[in-house]
1. Need one number: nm distance between label points at residue B:60 and residue B:9, each 7 Å from Cα along Cα→Cβ, rounded to one decimal.
2. What percent do you get for the relative contact order of the range A:4-188 when only Cα pairs under 8 Å and 6+ apart count?
3. In what order do A:166, A:152 fall by count of nearby beta-carbon atoms within 10 Å, going from fewest to most?
4. Would you list A:154, B:59 from fewest to most Cβ contacts within 10 Å?
5. Binned at 10 Å from 0, what are the whole-percent values of the Cα-Cα distance distribution for the range A:80-142, short to long?
6. Is the shape of the range A:4-188 rounded, prolate or oblate, going by the alpha carbon gyration tensor and its root eigenvalues a ≥ b ≥ c, with a/c under 1.5 for rounded and a/b larger than b/c for prolate?
7. Of the beta bridges DSSP finds with both residues in the range A:4-188, what % are antiparallel, to the nearest 5?
8. Considering every pair of different Cα atoms, what Kirkwood radius, in Å, is found for the range B:54-103?
């Protein structure tokens with residue numbers, strides 16, 4: 001059932017965007033060209049789909065953390081973070097100008113950087129602090145799911161460095177800390193067991 | 001607003017659209033006032049199929065208010081691109097009193 005919580009601000013839902021990726025059909029295709037939130041949603045769904053394919057290729061879809069809880073968690077967060085959110089002020093050269101970045105644009109950027117790491121999918125991406133106040137200290141919280149086999153500490157450190165560089169270039173936020181939490185490890189399946197005839201009656 | 005002024009305003013909005021699109025780093029210009037936030041605009045669009053201008057223009061007490069919502073897709077920093085878009089709008093307007101608002105709605109890595 002479609003609930004208000006499922007819909008983005010433009011009225012479309014992740015389910016509709018997912019169906020569009022599968023079928024190429026949506027009620028108002030022209031809308032997709034004019035909606036940055038739908039575009040960010042489609043990009044995230046494509047990357048999630050690629051990770052899903054990677055898992056299927058590795059035959060781990062039914063292993064490790066089991067069903068698709070991790071993917072559902074990611075989709076739940078995606079639904080929240082595709083909204084424009086708060087407006088982040090930027091310095092203007094003319095005092096009569098007001099320049100902003102949307103919180104959603106920065107969250108989508110963080111998500112795309114995290115998703116660009118092999119075997120990694122971003123879950124929750126949050127900007128904590130008063131991002132509407134220039135110079136306020138901001139903490140970035142990012143949760144990721146990682147396919148088993150990737151060194152988690154190295155992955156987290158590399159992601160933290162990449163995010164720090166990217167946020168310094170693409171925003172004017174005063175980033176105090178970037179916290180990376182690995183919330184899911186998508187494990188490889190255990191090797192198939194050879195039947196042990198000695199234990200059998 | 002008279003028909004003449006509306007036509008002039010639409011022309012200026014189109015000109016400013018070209019100005020903003022020409023700024024290095026601007027990858028997209030989105031409707032400044034999303035249709036779902038404008039009941040009247042949505043109704044008109046639904047009936048006529050016409051799209052509202054991507055650049056929003058209003059005038060109050062002789063001062064133009066311009067609003068642009070952009071996507072940024074280049075190695076150039078998004079804040080710099082936003083400033084350059086505002087500056088390009090001002091250059092195009094010359095000495096016309098104006099307040100310019102630029103909103104970055106999408107940043108491509």
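1. 1.3
2. 20
3. If I rank by nearby Cβ atoms, fewest first, I get A:152, A:166.
4. A:154, B:59
5. For the range A:80-142, the binned pair fractions read 21, 46, 25, 8, 1 percent.
6. Oblate, because a/c is 1.5 or more while a/b does not exceed b/c.
7. Restricted to the range A:4-188, the bridges split so that about 50 percent are antiparallel.
8. Over the range B:54-103, the inverse of the mean reciprocal pair distance is 11.5 Å.
Laboratory data are not the source of any read-out in this text; all were calculated from the coordinates shown. If you're wondering where the values come from, they're calculated on a predicted model, not measured in any experiment. Positions of Cβ are backbone-derived with ideal geometry, glycine not excepted, and every protein chain shown enters the neighbour counts.
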